[in-house]
Amino acid sequence: MEQKNQNKGKRLFIWAIVFVVLAIITLLPLGTADDKCMLGYIAVCPFSPVSSLILLVVAFYLLMIRKKQYISN
């Protein structure tokens with residue numbers, strides 16, 4: 001049972017890292033994009049600050065689920 005919880009914890013941590021990396025990628029400048037982002041430059045995502053914050057909130061939520069899982073065991 002504990003091995004299953006550890007695997008789930010690892011998966012949640014990996015997904016949280018993926019969401020943080022995606023949040024960083026959305027802020028990167030991209031010369032071939034069509035529209036400017038909300039910060040005023042041409043970025044990968046035209047909704048840059050909002051999309052990055054949403055991805056960071058999701059990553060934080062996954063980490064809190066992981067933390068709660070380890071505290072309850």
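A short reminder: the numbers here are calculations on the coordinates, not readings from a lab. Being a predicted model, the structure only gives us computed values, none of them experimental. Virtual Cβ from ideal backbone geometry, glycine too; neighbours counted across all protein chains shown.
Gain in length, residue 10 to residue 65, computed as 0.36 nm per residue apart minus the alpha-carbon separation, to one decimal in nm?
Computed gain between residue 10 and residue 65 is 18.6 nm.
Measure nothing but the geometry: give the 0 to 90° angle between the long axis through the Cα atoms of 2-27 and the longest principal axis through the Cα atoms of the chain, rounded to 10°.
10
How big is Rg to Rh over the chain, alpha-carbon atoms, Rh as the Kirkwood inverse-mean-distance radius?
Dividing the radius of gyration by the Kirkwood radius yields 1.19.
Run lengths n ≥ 4 of DSSP H only: what is the helix-derived mean residue ellipticity at 222 nm for the chain, with -39500 (n - 2.57) per run over all residues, to the nearest 500? Each step should come with its number before you reach the end.
Working: 2 runs with 51 residues, N = 73.
Mean residue ellipticity, 222 nm, calculated: -25000 deg cm²/dmol.
For the charge dipole of the chain, defined by +1 on Lys and Arg C-beta atoms and -1 on Asp and Glu C-beta atoms about the Cα centroid, which residue among 29, 52, 15 has the Cα displaced farthest towards the positive pole?
Of the candidates, 15 comes out farthest on the positive side.
Which of the lysines could a cross-linker span from residue 8 if the Cα-Cα distance has to be under 19 Å and same-chain partners fewer than 8 positions apart are dropped?
In chain and number order, the partners are 67, 68.
By how many degrees, between 0 and 90 and to the nearest 10, does the Cα long axis of helix 48-72 differ from the longest principal axis of the chain?
0
List the chymotrypsin sites (Phe, Trp or Tyr not before Pro) within the chain that DSSP assigns to loop and that have no more than 16 neighbouring Cβ atoms inside 10 Å.
Qualifying residues, ordered by number: 41, 47.
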